[in-house]
1. How about region A:500-517: which of its residues are touching a residue at least 40 places away in the same chain (Cβ under 8 Å) and either more than 10 Å from chain B (Cβ to nearest Cβ) or in contact with a Cys (Cβ under 9 Å, 6 or more places away or on another chain) (or both)?
2. Pick from B:Ala10, B:Ala60: which is small (Gly, Ala, Ser) and within 14 Å of another protein chain (Cβ to nearest Cβ)?
3. Being farther than 30 Å from A:Tyr233 by Cα and not in a helix (DSSP H, G or I) is the filter here; which residues of region A:165-195 pass it?
4. How about region A:360-377: which of its residues are in a helix (DSSP H, G or I) and surrounded by fewer than 16 Cβ atoms within 10 Å (Cβ to Cβ)?
5. Taking region B:22-53, which residues are crowded, with 23+ Cβ neighbours inside 10 Å, charged (D, E, K, R) and within 11 Å of chain A (Cβ to nearest Cβ)?
6. Please count how many residues of region A:475-487 are at the interface with chain B (Cβ under 7 Å from one of its Cβ atoms) and either out of contact with any helix residue (DSSP H, G or I) (no Cβ under 7 Å at 6 or more places or on another chain) or aromatic (Phe, Trp, Tyr) (or both).
7. Name, by its number, the condition in (1) over 18 Å from B:Arg21 (Cα atoms); (2) modelled with pLDDT of 95 or more that does not hold for A:Val478.
8. Just one of the numbered conditions (1) over 22 Å from A:Asp520 (Cβ atoms); (2) more than 12 Å from chain A (Cβ to nearest Cβ); (3) acidic (Asp, Glu) is not true of B:Glu121; which one?
Amino acid sequence: MHGEVTVSSKMSACTSRALDRLPKYARDAVLAVFSPEHVADAIGIMRSPSEIMTDSAMQRVKASRFSFARSFVERMHRERWEIVRQHCDIDENGAGLLVYQICAEGHTFTFAIRSDPLDDVQREGRARDTSLDFHGVIFVGAVGMERIKAEIPSISNVWGGRTHNDTIARTYGNRSNRFFNHAVEALAAGRQPDVNLLALGGGYLIRNAGYYGNGRMGCRSWEALPPDHPLSYPFYGEMLGLYIYRQASFEYVESMARCRNLNAAELSPDIKRYLGVGNQSGIGTAAALVRWPSWVSGFCFTRELVLALALTAVGPRFAGSLGALAALLARASRYYRECDPDIDAAVEDRRVIAAELDRIHRLIADCSFPTADAARSPLFNLFSAAAKWASPETMEQLVSLVIDSAPPIYDVMIPVMSAGMRSTRELDPSMTVGEFLALLNRDYDWALVMDQSSVEFRRYFWYRSEENGENRRGERAVDPGVEFETFVNVAGSVQTLASNLRACPHPEWTIGRYLLEYPDDAYCVTRVQTVSQWPYGEIRANFIAEAFNPSDIIRFYMSILGMETTNPLRKRWIRGVFMQGAPLPEDLLTGAHSDWALPVIPDQGPGPQLHQQGRIATLASHG
Amino acid sequence: MVEPFHMSLAELSKIAPDALRGVGFPFPTVERSGQMIVWGEAVHHMGLRFLNVHHERIRASLDKKCTVTDANSNRVIIDGHGKSVLEIGPRAIDVSSAAAACEGVGVAVVRNTFGLFLLGEAIQHAAKRGLGIVILYKGGASIGGDEFDGTGILARLPAAFDSVSVDQRLNVLGGTKALDAFQFAKSFLERNKNDEPDLSSFALIGIALQSNTSDLSIEALPAEGEPEWCKTTDFEQRLREAMMLGLSTNLGDWDGLTMLLHRMRVPTSERSLQQAG
């Protein structure tokens, strides 16, 4: 480690200028570990916001160790969380109650899931649905059965139920019927389910159908938990929900099989590890991201800086990076090859990604990549070589694998990302109109030139639905509700602001004085000032244009959360899987299976093999 | 009988801006004004009540524009034209804060406004900017005269304020009757700029002061009613408690809030369902 560093007076002006580009929240943490020269070098090669913050670029981002699901599981694993099934009463139809108690880092919480008899309806898990297979609730602390049962009417009332301060969230799930049923039937017959078939179904048995926490329905928000509480971190409640639903999916199929046959098989640990938990998310997540520029910055800036630090790293600390990357490339290539190839045409063919990852792997194995810049690290030269021919999606997967293979850098930067995400917007009223206009022109050139003059560039508006307030997208010329348009049009707001500022006859006025005349500019002024401190905070897209594809942004969001192999559906949905390969509760206790992402299908030995070179031969006989 | 209702602070923080849009606020102002509603509920248990009682009055003033009737480098006098503190409060604090940052002291005098109890939120905002602040306000029939508008002083004073220790300064404030606060304001302005405004009919004065300290608690000094009318309220502590324990309101006020919230939701239709994601 570099140790304590004081930025010395001997530092070159060039290095000093580069370091000035570091946001305040990141500067101390980064310079405490890396030399100023290394950081300055990294900043110099960082990809620019114009390169990576467009909708088309963001949709390609892949999950990495920075993603919440990964960092959450890593924390569970590192801190040896204890997850104990406390109660399991599930009948052969799937009706029942399942309760887990979780002891983690000196805190205890309880997770209960209930279900009615499972029918044959395949539930999609849309935000407006009120009929769901599994109803879950997370309590703070250890609670008794009486409290759990008292909460059941509330969680069964999906959009109407209220709760108390002793719950953190309610969360729902649906079966992936065909594959869930296949697992139950196979286990009841005393054998393992066909893992190749399960892989075809996305690699999960239960799909999460919503998480309602952060204070909703009266529950306690994660910010209200003590700072040392393991769920006092953005999205960790959601991640716990996903992890427990994954575990519950195993308990359900095993219990239902056992009800049918006392000698039923149990799922093999290898198959359990291979299976994740499904999820699908809609356009509301895209609208949410627009409102959180500092959150987007916290993730994107940190990710880009880590990539740059890894590519510019030299010395013994990083000597193993290339070898570690090679191992990850081999596994990732196989993972893509084994995924369902039948995906939306807008997404890069997974077989192409697999082949290109293989090619990069071979470059390392053969040491055959060109050294275009001898002064740079081998990793830098490899990355540069691949960029010349690999598809953009392959390159983003490579970025994630580079990050994953650089643990010394990753470890340092996790708190930096968290600091970025916890920030709040604050207006600086003392800046003059002239100073502010210069800031606007510097940081929002992309928005100021965005054409919003014609119909196709303003075709849509976003609104909240009557059913439950979820975000939807309507046609401006057709649908009612334009007067209650949800804020997504950053470029339009910035253009209006710029126009007002230029019309202001007093460039010497403070922003505080200006806002007395233009109070409706307050939000946008605050946002611009915030983003000036938080690079990589704005999504450079026209959310209201005809050409805008919401699923691009949902894919990005899901990758931040940790979803693998995101697959768009009808531009408004993304479906995929979380925590595939993650360690099981028993692994958390022993510290086993720490390297788990992008798992390959476990070998089941001789038996029916449905996959043939990544293709499904026949499924008809496996209903 | 009032039916109690539990909600969380985070929940109200999410809902309040949308409810204000339901009142008619434009989007760009609801984030900041929503924070005031949350603060009013968490600290004084009156945020929702205020909105439910006054939403029509607030709505009626939305189309009006506040005007600056007098201004110099560190002082503005604003006619709020009946707008609530939800709208005009943040702007008044911003303009006085900006002047304080540039000139050392900044003063905003606002006339013709209501909802003065919400101004405590502005103190916390100023504190985040490293400023001390004194807010003097005068309620009364002409500007509202209901349970939300008393007369008094809200203060968060910088330690080095005017060479007088904080205890002494608060003692001075605490030892006066409410209307003496106006004398304090006058003398304050005289000492600082020697160009006092006409204070005879002000609704509120926010005076922001440059400060390099942040070690002072926030003091609220309600003006009338009790023998010991000077009391201290730790706003931060109340917010922390509200965050930890949630908020207790009543079902009627909650229903009023959700009624406003639903105003901005678009009625369902087959087309709308097709647009869902």
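The values are calculated or read from the model by the stated rules, or taken from the named source; none is laboratory data. Not measured: the values here are computed from a predicted model. For neighbour counting, all protein chains shown are included, and Cβ atoms are generated from backbone atoms with ideal geometry for every residue, glycine included.
1. Listed by number, the residues that qualify are A:Leu501, A:Arg502, A:Cys504, A:His506, A:Pro507, A:Glu508, A:Thr510, A:Tyr514.
2. That would be B:Ala10, the only listed residue that is small (Gly, Ala, Ser) and within 14 Å of another protein chain (Cβ to nearest Cβ).
3. A:Ala189, A:Gly190, A:Arg191, A:Gln192, A:Pro193, A:Asp194 - these are the residues of region A:165-195 that are farther than 30 Å from A:Tyr233 by Cα and not in a helix (DSSP H, G or I).
4. A:Arg362, A:Ala365
5. Scanning region B:22-53 gives a single hit, B:Arg32.
6. 4
7. (2)
8. (1)
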